[in-house]
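The values are calculated or read from the model by the stated rules, or taken from the named source; none is laboratory data. Note that the coordinates shown come from a computational prediction; the quantities given were computed from them, not determined experimentally. Quick reminder, even Gly has a Cβ in these numbers, built from the backbone with ideal geometry, and neighbours come from all protein chains shown.
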Amino acid sequence: MEPHFQYTGLNARIIKNETALMAQTLGHENLCRKEYEDRLIAAIKPIAHGSSCENLFVHGPAGSGKTTMIKHVLDQLKLYNPRVLSLYVNCWYHSTSMAIFTRIADALGEPVSRRGRATDEIFDRIIELMKYQKTPVMLVLDEIDGLVHRDDTRVLHNITRIAPDEALFGVVGISDDRHVLSRVHTRIRDHLRFTPFEIKGYNKEQLFRLLKRRAETGLIEDSYKDESLDRIAELASDNNGNGKFAVELLWKSAKHAEAKGNVVLSLEDIEEINKLINAKEPILREEELLIVEILKSGQITSSELYWLFQKKLRISRRQIFNYVIGLERKGIIETKLIQRGNSPGFKLIKLKDGGV
């Protein structure tokens, strides 16, 4: 048998460094966006000098570079004052306040066991460590939706309890959804006083420069033309200036051209792949399809959804809630927390316009 798998793809005709074309490796790119960085640094710089800084809520469309920019600013803060603990947390991977408290304690040099420990007990220990070590904490909560959608904002609530002379705690929340903090209790929002900070998508010129850099590193010389990069930049610009989309489209188009035996990336390759990407429908599990079917009759409360779902399929409320979160992230449904006075409130769930 011919060792087909072993030798296929060794004689690349267009791609020379695939890593440079991965959207996951979209790092910090200085594309005339220094004004954003300067504003971010000005907002959080006081914490490096022992003063309270602004708490920021950074929002903008997917692929606008929010996370990479904030991480770059955190790196600069670490260099400027290493005594500040700059901690980045993704709230979909660390989706509970307990998990975040544990991360902070670990970073302060005192790992704690979650078993048998209350969240408030761990948080009190964190404050003791911060006071003893004289260590301010700059906490970045990326995809803060993960906490809000689970109604677990204890970490935010506890930060509001800290007296100014006890410890310095700065918070940066990041989300694609500019309205996500409206679901956080009013008292928490009023106390933390998040400053909204919008990072817009890349414009066409910035996208072209981004693609040019990636093409120079990832593609063989003379295997592409500027007009092809310009077309990808145009398509990504129409897609809310999504830099990740631009890099992904370049990579997949180059792969597509190679598979056809071409030695130059063409406009035709780009249009074909763009059509395929935009034609993709979200793949839904059986449980997600059941939720969508229930919501076709109109908006209902979360309790009603759980009751109707469990009449059809017996799984836990927590599992159903996770499927609700997944559908909201896919843009198929939307939820709204309704609060009345000091009551915990309830959640309304409905299909998003154009979601299915």
Within the range 252-311, the count of residues that are within 30 Å of ALA20 (Cβ to Cβ), within 29 Å of the chain's Cα centre (by Cα) and of a type outside the set (D, E, K, R) comes to 12
Would you pick out the residues in the range 304-318 that are under 19 Å from ASP151 (Cβ atoms) and either free of Cβ contacts under 8 Å to residues at least 12 places away in the same chain or loosely packed, with under 12 Cβ neighbours inside 10 Å (or both)?
-> GLU304, TRP307, SER316, ARG317, ARG318
Hey, VAL148 under 27 Å from ARG39 (Cα atoms), at pLDDT 90 or above and out of contact with any His (no Cβ under 8 Å at 6 or more places or on another chain) or not | no
Check the range 269-288 and report whether any residue there is among the basic types (Lys, Arg) and either closer than 30 Å to GLU304 by Cβ or in contact (Cβ under 8 Å) with a residue 40 or more places away in the chain (or both).
-> yes
Given the conditions (1) within 27 Å of the chain's Cα centre (by Cα); (2) at pLDDT below 90, report the number of the one that PHE245 does not fulfil.
-> (2)
Of all residues in the range 129-147, which are without any contact (Cβ under 8 Å) to a residue 40 or more places away in the chain and surrounded by 23 or more Cβ atoms within 10 Å (Cβ to Cβ)?
-> none
